[in-house]
Amino acid sequence: MTDRILLSSPDVGELEENYLINAFRSGWIAPVGPDLNAFESELAERVGVAHGVALSSGTAALHLALLGVGVQPGDIVITSTMTFAATANSITYTGAQPYFVDSDPLTGNIDPDLVEQALESLTREGKRVGALLPVDLLGKAVDYTRLSDIAAKYGVPLVADAAESLGASHGGRQAGSFGTASAVSFNGNKIITSSGGGMLLSNSQELADRARYLSTQARQPVAHYEHTDIGYNYRLSNLLAALGRAQLSRLDSMMAKRARWRSLYRDAFSSVPGVTIFGAAREGDDADDNYWLTSILVDEAEAGWAASELSAHLTLADIESRPLWKPMHLQPIFVGAPSLTNGVSERFFDTGLTLPSGSVLSEEQFGRVLTSIQQFLGERG
Ligand SMILES: *Cc1c(COP(=O)(O)O)cnc(C)c1O
């Protein structure tokens, strides 16, 4: 029996085991401890921001970031329709309403022209926009230069969903350092994992302090725990922070491995008509990415086959593949939400396929993926 090859599973080994055991033996089991503090400062330093607040998930980090910039019930928060549901869910936790904006055709990230159009009409209608929340899709930073300008022009705080983009950059600055606050994730399938967790990053001491306070049930510093705010139980445990530290120390080598898979996929599909690498149609388009996941877009008319057919072939070989995110404006739960769409994300959803990209894959396992793809192309070509 062959082992199933997954898209992106945890890449952990002896180093992670040692960090975890050392944290355990130190006696700092819960809730906080030296590894938690060290993880926050090491990650903040890596990204280039002043403060990190380690939390139980990236979703929690998004929620507290939105609260931190003052999002209120009834506000509108503009976000990308091409994202994982956690982005939109975090908006609804605040009582605000997500407003979904479609994708740039080259990168798949939120289209800055549409963002401006949305802000223009919302402003005209007198609607309060609590935040602009772009998403760095599959490890490619959005055009923060333009989005920061647009956010400033309309006086709207920028919060970045960098859950997928740790290690990526834009204009020489690290993903996670843009906007008033940003959120990264250490979920099991992300580029680094703490088994579960996330971090809020910000240059604002006040915002970071407030997030830390809200993440631990908003306890006033008195013995009987006085409460003047509704708090959350969102803090990351010291043990998981130790795991995160080990992973962070390996981020560059894990990115290099994923970059290698990206370039091998590029070679494999380079002479196949109708197939492009998502977000990197031309070589070099992805130079600043962290290569979290590699997806392809398949133009069925040109290729003579559909992404779903390759997916079915891979499934028979025990290899996981998956369509791109189903856009939020098409999700049953968000059907009534306002949106500004142009068909691009729907095309990505119809034609995209995400392929195994994890740094844990061995050369031998990746070879199995390539062989299976070549076999499929041989049958179709
Ligand atoms: C993974 C992810 C999140 C949520 O992170 P969790 O740690 O799983 O809560 C948010 N946004 C995007 C775009 C993600 O991919």
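Residue pairs whose Cβ atoms lie under 8 Å apart, sitting 6 or more positions apart in sequence or on different chains, and linking a residue in the range 65-84 that is under 17 Å from Val184 (Cα atoms) to a partner that is among the aromatic types (Phe, Trp, Tyr) and assigned to a strand (DSSP E or B), are Thr79/Tyr99; Thr79/Phe100; Ser80/Phe100. Among the conditions (1) more than 26 Å from Ala259 (Cα to Cα); (2) of a type outside the set (Phe, Trp, Tyr); (3) under 17 Å from the mean Cα position of the chain (by Cα), the only one that Thr87 does not satisfy is (1). Any chance you could count how many residues in the range 41-66 are open to solvent by 10 Å² or more (accessible area, probe 1.4 Å) and away from the ligand (no atom under 16 Å from the Cβ)? So the count comes out to 8.
Results for (1) under 30 Å from Gly13 (Cα atoms); (2) in contact with an Asp or Glu (Cβ under 6 Å, 6 or more places away or on another chain); (3) more than 13 Å from the ligand (Cβ to nearest atom); (4) hydrophobic (A, V, I, L, M, F, W, C), shown as yes or no for each residue.
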| position | (1), (2), (3), (4) |
| --- | --- |
| Val159 | no, no, no, yes |
| Ala168 | yes, yes, no, yes |
| Lys190 | yes, no, no, no |
| Ser194 | yes, no, no, no |
| Ala208 | no, no, yes, yes |
| Tyr213 | no, no, yes, no |
| Val222 | no, no, yes, yes |
| Tyr234 | yes, no, no, no |
| Arg250 | yes, no, yes, no |
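Specify the residue that is surrounded by the fewest Cβ atoms within 10 Å (Cβ to Cβ); the eligible residues are those in the range 332-364 that are among the polar types (S, T, N, Q) and closer than 17 Å to Ser103 by Cα. Ranking the qualifying residues of the range 332-364, first place goes to Asn342.
Within the range 309-319, being in contact (Cβ under 8 Å) with a residue 40 or more places away in the chain and either buried (at least 18 other Cβ atoms within 10 Å of the Cβ) or of a type in the set (Gly, Ala, Ser) (or both) holds for Leu310, Ser311, His313, Leu314, Ala317, Ile319. Screening Thr315, Thr351 for residues that are over 20 Å from Leu138 (Cα atoms) and among the β-branched types (Val, Ile, Thr) leaves exactly one candidate, Thr315. Restricting Thr145, Thr87 to those that are within 16 Å of the ligand (Cβ to nearest atom) and not assigned by TED's automatic domain parsing to the domain that holds Ala259 reduces the list to Thr87.
The values are calculated or read from the model by the stated rules, or taken from the named source; none is laboratory data. In this text the structure is predicted, and so the values were computed from the model without any measurement. Positions of Cβ are generated from backbone atoms using ideal geometry, with glycine treated the same way; all protein chains shown enter the neighbour counts. Side chains included, ligands, DNA and RNA excluded: accessible areas come from the protein's heavy atoms. Shrake-Rupley method; radii C 1.70, N 1.55, O 1.52, S 1.80 Å.
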